Amino acid sequence: MPTETHQLSTPHLLGIKDLNEQDIQLIFETADTFKDVLNRPIKKVPSLRDLTIANIFFENSTRTRLSFELAEKRLSADVVNFAASSSSVSKGETLVDTVNNILAMKVDMVVMRHPYAGAGIFLSKHVKAQIVNAGDGAHEHPTQALLDAFSIRERYGDVAGKRIAIIGDILHSRVALSNILCLQKLGAEVRVCGPATLIPKHIASLGVKTESNLIKALEWCDVANMLRIQLERQDINYFPSLREYAMLYGLNKSILDALPKQITIMHPGPINRGVEITSDVADSQHSIILNQVENGVAIRMAVLYLLAGKR
Amino acid sequence: MGVFYIFAFIYPDYFSMDKLLIKSATLIFPGADEDGQQVDMLIVAGKIAALGPIGSLKTDDDVIVIQAEGSVLAPGFFDLNANFGEPGLESKEDIVSGAAAAAAGGFTAVAVHPNTHPPIHSQTEVSLIVNRSNNLLVDVYPIGAISQNREGKDLAELYDMKLAGAIAFSDGNRSIQQSGLMSRALLYSKGFGGLVFAFSEDASVAGKAKMNEGRMSTYLGMKGNPNLAEELMVARDLYLAAYNEAPIHFSTISTAGSVDLIRSAKAKGLQVTCDVAAHHLLLTDEALIDFDSNYKVKPPLRSEVDRLALVEAVRDGSVDAIVSQHTPHEIEFKEVEFETAAFGITGLQTVLPILLMAGLSNREIVQALAIAPRKIVGLPIPVCQLDENANLVLYNPDEQWTFDRESNRSKAENNPFFKKELRGKVQLVINNGQVYYG
C-alpha cells in the first residue's frame, strides 16, 4: 500500500480545479500500486472495508458507473447504486433531499454524475458527505482527466512537454475542460480542434490555442484525444450533419498513415465508430482506448482510497 | 407623549408623525436653494414647515429630534424596476412587504414590473395594485405588459391600463422577439403619451445560457449569453424608435456596447433613456466561481470592461437611472443547482450600499435614484420648499449595518449580501405624511 506520508489537499474531488500538481502525482503513484493489484489473481484489497459509497447517477452512464463500482468493490467498500430513472427526482424531490435521504442510511461517500455544471460543488456545501464528481454538465469530469493523463504518462513516461490535441465537441465536453486543466498542471501543451460552433469563444483564456484544421492539429500533436459528439447535449444544430462532421473532423487510417510521425489516439468512450474515428483507427496499435478503460479503475481506486484518508 | 413613545417603541418602523426636526444634515436636493448646504429641517404633519442653516430652528419639547451630522438629506428614491409578486406570487413578496423593503432602502416610490401571475396585462391587475398600495408610505406604480399574457404576440390594452394608472409598458423579463410587435407598441403608445420599456435580449442568440459568455463561462463549463444578444436588441429597438419617432426606455442594460449605442442615439437627438441595475455597477461574472445562485441574474453579471463602462455612463449621464431590479424568490427557487435556480436577487435594501461600494458620489446617487427615474416616467420631482409635502430620504453613507433576518423587510432572502455587513444606512424616509425610521 502507498505510504500515508502525503495526503490530498481536498476532502472532495469536485474537479481538477481542486487539485495541485502534488495531488495529481500522489494519485498517479497510488494508482500505480492499485494497477499492480488489479493484475494479481486476487484483485481485491480490504482498504475501504468500513466504508459505504453511493453511486448516484442523474444521467445515463454505463462505463463510468461500472468503473467506479469496480473500483469500490476492489477496495472492499459497500456499494449502493442509485439511478435517476428509478428515482424520486421525477417526483420533484430536490437534489439535496435526494442525497440526504441516501445519507440518512449511513453512506459515507457519494459519487455523483449530474447533468448540470456545479452540481457537485453545490452538493458539497449542503450535505455532510465526501463528494466525488463523476461528471457535472459540461464542467468537469476529474477522474476521466486523471485516467487520461495517467495513460499518457504510461505511454510516454511523463506528461510534461507533451503536445495533446483535443478534437471534437469542446463546448459540451466536461472531458475537455478537465483534461485541459489537468494536462496544463502537469506541464503539457494543449490545443483544441473542432467545428468553430463547438468551441467556446473564450477558450484562449484557458491558455489553449485553437486549430480548425484536423490535419494540422494531428501534425502538431503527440496525442490526439478524440471526443465523442454529444448529440444528446446539443439543444440546437451546431453543424449540419454527422456525415459532414466526419468529413471535416473524422479520423481515418489514411489520415493517420500520412502523418510524419506516429501519434497516440485516445477516446473517452463510448465511440461513435465512423463519426469521430473509424474502426480501423480505434482498433489500431496507435490507440490506447482500452488502456484508458483499464487505468480508469486504478485511478478511481486511488482517488477513493486517498479521499477516505481525509475523513 | 408617553403613550406616543410606547407606540413608537412597539412599532418602530412606522407611525404617523407629529413634529420632526432633522438637525445638521447635508442637503442634496437638485433645484433647492440650499442644495449642497448643511441644514436643519422641521417637518410638521408631513410638510416641510421650516428650513434653515444649522442651529437656526428652535427645538420645542414636542419635537422629535434627529441628529443627522454626516448624513445626506435628499428627495426620496424612486425605483423603476421592482417585482412585488402581486398578483399571484405573494409567497415571494406582496405589495405591503415589498413596500416595506422599499422604504427600508430609502425609496418613496417604486414601479412594479408585470412579472406576475397573471401578468399585469389589463386594467384589472393595474387597478388591483393601485388599490392595494393605497395608504402606504411608498407609492407603488404599476407597469403594464406590452403584450397579452406577456407572450410577445398581441398588444395588451395599453390605453386602458394607462387610464387605470400604469406609468409605462414592459413585458418584464421577457424580451419582445417580434420586431413588428415592438414597432407597433412604440407607435401605438406614442399616440396617447405612453412610454415603452424595452428589455433587450435576442433569445436565439442568448440560447439557454444562464451566465455571461466570457472567460468565466469557459472555466465553469457553462454556455455563455454573449453581449451580442443584448446589443442586437438595443440596436433594433433604437431603429424602431427612430423610425416611429417614439420615445423609448431601456431597462437594465448591462454591456459596454449597449452604452455606446444609447450614447450615440442620444447624441443624434433620439428620445431615449435607460437604466442599469445596481448590482451590474459592482459585480462581475467572476462572482460565479462557486456557482452561487445568488449571483444568477438576468441580464447576467458581465465582465469588468462592461462594469466600468456602466459606471462611467452613470457618471456622464448616458445611463439615466439606477434600479434595484428587486426580484424576490423563495429559498426553494434559489437553493438548488445553479442551472435550475431562478434568476434575480432582492435589491431594494442593498441598492444604496452597493452604489457606495461601487464608488458613486452622493450627488450621483441622488441624481440616478431620485431625479432621473421621475423624469423618465414624467412624474413630479419632490420639491424642497416650505409647505410642500415632504418626500425625503435621510441616510448616513458611512454608517455600518448588517443585512440579516432582523433588518430584512422583504419576504425573500435571495441576495448575495445577506448576512453581510454593509456601509450606508437609511435613517429616515418620509412620504405621504408617514415616516420610516431605519
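Which of the numbered conditions does B:Ser258 fail, given that it passes all the others? Conditions: (1) in contact with a helix residue (DSSP H, G or I) (Cβ under 8 Å, 6 or more places away or on another chain); (2) modelled with pLDDT under 95; (3) assigned to a helix (DSSP H, G or I).
Status for B:Ser258: all satisfied but (2).
Anything in segment A:1-51 that is more than 16 Å from A:Val159 (Cβ to Cβ), in contact (Cβ under 8 Å) with a residue 24 or more places away in the chain, outside any helix (DSSP H, G or I) and not aliphatic (A, V, I, L, M)? List them, or say none.
Matches in segment A:1-51: A:Pro2, A:Glu4, A:Gln7, A:Thr10, A:Pro11, A:His12, A:Gly15, A:Lys43, A:Lys44, A:Pro46, A:Ser47, A:Arg49.
Within segment B:375-408, count every residue that is surrounded by fewer than 19 Cβ atoms within 10 Å (Cβ to Cβ) and under 30 Å from B:Leu42 (Cβ atoms).
Here the count works out to 16.
Given the options A:Leu183, A:Leu147, name the one that is part of a helix (DSSP H, G or I), away from chain B (no Cβ under 14 Å) and either without any contact (Cβ under 8 Å) to a residue 40 or more places away in the chain or touching a His at 6+ places or on another chain (Cβ under 7 Å) (or both).
So the residue among A:Leu183, A:Leu147 that is part of a helix (DSSP H, G or I), away from chain B (no Cβ under 14 Å) and either without any contact (Cβ under 8 Å) to a residue 40 or more places away in the chain or touching a His at 6+ places or on another chain (Cβ under 7 Å) (or both) is A:Leu183.
Quick one: which of B:Leu356, B:Leu348 is in the same structural domain as B:Ser293 (by TED's automatic domain parsing), in contact (Cβ under 8 Å) with a residue 40 or more places away in the chain and not in a helix (DSSP H, G or I)?
Selected residue: B:Leu348, the only one of B:Leu356, B:Leu348 that is in the same structural domain as B:Ser293 (by TED's automatic domain parsing), in contact (Cβ under 8 Å) with a residue 40 or more places away in the chain and not in a helix (DSSP H, G or I).
Restricting the search to segment A:20-44, which residues are in contact with a Ser or Thr (Cβ under 7 Å, 6 or more places away or on another chain) and not basic (Lys, Arg)?
A:Asn20, A:Asp23
Among (1) touching an Asp or Glu at 6+ places or on another chain (Cβ under 8 Å); (2) more than 14 Å from chain A (Cβ to nearest Cβ); (3) not hydrophobic (A, V, I, L, M, F, W, C), there is one condition B:Ser293 misses while meeting the rest; what is its number?
Going through (1) touching an Asp or Glu at 6+ places or on another chain (Cβ under 8 Å); (2) more than 14 Å from chain A (Cβ to nearest Cβ); (3) not hydrophobic (A, V, I, L, M, F, W, C) one by one, B:Ser293 breaks only (2).
In segment B:191-215, what count of residues is obtained for those that are over 24 Å from the mean Cα position of the chain (by Cα) and more than 30 Å from A:Ile203 (Cβ to Cβ)?
Going through segment B:191-215 one residue at a time, the tally reaches 2.
From B:Ala229, B:Ala277, B:Ala241, B:Ala235, grab the single residue that is within 14 Å of chain A (Cβ to nearest Cβ) and either of a type in the set (Gly, Ala, Ser) or crowded, with 22+ Cβ neighbours inside 10 Å (or both).
That would be B:Ala229, the only listed residue that is within 14 Å of chain A (Cβ to nearest Cβ) and either of a type in the set (Gly, Ala, Ser) or crowded, with 22+ Cβ neighbours inside 10 Å (or both).
If only one of B:Pro328, B:Pro382, B:Pro373 is assigned to a helix (DSSP H, G or I) and either free of Cβ contacts under 8 Å to residues at least 60 places away in the same chain or not hydrophobic (A, V, I, L, M, F, W, C) (or both), which one is it?
B:Pro373
Which of the residues that make up segment A:186-219 are surrounded by fewer than 18 Cβ atoms within 10 Å (Cβ to Cβ), more than 10 Å from every other protein chain (Cβ to nearest Cβ) and not charged (D, E, K, R)?
Of everything in segment A:186-219, those that are surrounded by fewer than 18 Cβ atoms within 10 Å (Cβ to Cβ), more than 10 Å from every other protein chain (Cβ to nearest Cβ) and not charged (D, E, K, R) turn out to be A:Gly187, A:Ala196, A:Thr197, A:Gly207, A:Thr210, A:Ser212, A:Asn213, A:Ile215.
So which residues in segment A:224-263 are under 21 Å from A:Val175 (Cα atoms) and β-branched (Val, Ile, Thr), if there are any at all?
Across segment A:224-263, the qualifying residues are A:Ile229, A:Ile236, A:Ile263.
Between a first residue in segment A:106-128 that is facing chain B (nearest Cβ under 8 Å) and a second residue that is assigned to a strand (DSSP E or B) and of a type in the set (Gly, Ala, Ser), which pairs have beta carbons less than 7 Å apart while being 6 or more apart in sequence or on different chains?
No pair meets every condition.
Only one of B:Val196, B:Val205 is of a type in the set (Val, Ile, Thr), touching a helix residue (DSSP H, G or I) at 6+ places or on another chain (Cβ under 6 Å), surrounded by fewer than 23 Cβ atoms within 10 Å (Cβ to Cβ) and in the same structural domain as B:Ala372 (by TED's automatic domain parsing); which?
Within the list B:Val196, B:Val205, the selection yields B:Val205.
Against the conditions (1) touching a residue at least 12 places away in the same chain (Cβ under 8 Å); (2) more than 23 Å from the chain's Cα centre (by Cα); (3) within 24 Å of B:Pro353 (Cα to Cα), where does B:Leu281 fall short? Just the number, please.
For B:Leu281, the exception is condition (2).
What about A:Gln285, is it touching an Asp or Glu at 6+ places or on another chain (Cβ under 7 Å) and either within 30 Å of A:Arg65 (Cβ to Cβ) or within 14 Å of chain B (Cβ to nearest Cβ) (or both)?
Considered against the rule, which asks whether it is touching an Asp or Glu at 6+ places or on another chain (Cβ under 7 Å) and either within 30 Å of A:Arg65 (Cβ to Cβ) or within 14 Å of chain B (Cβ to nearest Cβ) (or both), A:Gln285 comes out as no.
Are there any pairs with C-beta distances below 8 angstrom linking a residue in segment B:21-38 that is not assigned by TED's automatic domain parsing to the domain that holds B:Arg363 to a residue that is part of a strand (DSSP E or B) and among the acidic types (Asp, Glu), with the two at least 6 apart or on different chains, and if so which?
B:Leu21/B:Asp40; B:Ile22/B:Asp40; B:Lys23/B:Asp40; B:Ser24/B:Asp40; B:Ala25/B:Asp40
The values are calculated or read from the model by the stated rules, or taken from the named source; none is laboratory data. Keep in mind the model is a prediction, meaning the values are calculated, not measured. Cβ: placed from backbone, ideal geometry, glycine included. Neighbour counts: every protein chain shown.
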